[in-house]
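Let me begin by presenting the structure, written as structure tokens, before commenting on it.
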Amino acid sequence: QVHLVESGGGLVQAGGSLRLSCAASGRTFSSHAMGWFRQAPGKEREFVAAISWSGGTTHYADSVKGRFTISRDNAKNMVYLQMDSLKPEDTAAYYCAAVRSWFKLQYEDYEYWGQGTQVTVSS
């Protein structure tokens with residue numbers, strides 16, 4: 001069982017930056033791939049970024065590539081999402097997710113979810 005808690009969301013102007021954090025419980029964190037997803041009002045939850053259990057492999061949605069960076073610290077059971085050059089269309093609730101696997105990209109594959117943190121980007 002993995003318990004996830006996100007933090008770091010807030011209100012930022014377009015062009016600004018935020019760093020989301022996800023704290024994970026459990027002794028098997030390093031055996032889990034991690035992902036960030038987001039959901040805007042009236043829209044389906046969508047993939048943002050994923051990182052393999054070692055941190056050696058990452059993947060990004062085209063909409064955030066070059067602006068967002070996912071990273072993890074297995075010693076601290078933490079995953080991060082650095083978001084730069086934010087746009088109003090990045091406004092959404094952001095969710096951290098985990099799956100006991102090397103690397104996953106699909107929403108349906110993830111087993112554990114945090115409660116979400118709101119990111120609002122003003123124009």
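Odds and ends about this structure:
- Computed from label points 7 Å out along Cα-Cβ, the spacing between Glu108 and Glu46 is 2.0 nm.
- Label-point gap, in nm, between Gln115 and Ala14 - each point 7 angstrom along Cα→Cβ: 3.2
- Only lysine pairs 8 or more places apart or on separate chains count here, and in the chain those with Cα atoms under 24 Å apart total 6.
- Two-site label geometry, Gln82 and Gln39: point separation in nm, points 7 Å out along Cα→Cβ: 2.9
- Surface composition of region 76-123: carbon and sulfur make up 45 percent of the accessible area, probe 1.4 Å.
- Global form of region 3-64, assessed from the alpha-carbon gyration tensor, a/c cut-off 1.5: prolate
- Amide H to amide H distances under 5 Å link Phe68 with Asp84, where only residues 5 or more positions off or on other chains count and H is placed in the peptide plane.
- Between Asn74 and Ser101, full extension at 0.36 nm per residue minus the direct alpha carbon distance yields a gain of 8.3 nm.
- For the chain, the Cβ-based charge dipole about the Cα centre amounts to some 260 debye (Lys, Arg positive; Asp, Glu negative; other atoms uncharged).
- Equivalent ellipsoid semi-axes - Cα gyration tensor, the chain, angstrom: 23, 14, 13
- Alpha-carbon centroid distance for the pair region 18-49 / region 87-123, whole angstrom: 4
The values are calculated or read from the model by the stated rules, or taken from the named source; none is laboratory data. Note that the coordinates shown come from a computational prediction; the quantities given were computed from them, not determined experimentally. Backbone-built Cβ (ideal geometry, glycine too); neighbour counts: all protein chains shown. Just so you know, the surface numbers come from the protein's heavy atoms only, side chains and all, with ligands and any DNA or RNA stripped out. Shrake-Rupley method; radii C 1.70, N 1.55, O 1.52, S 1.80 Å.
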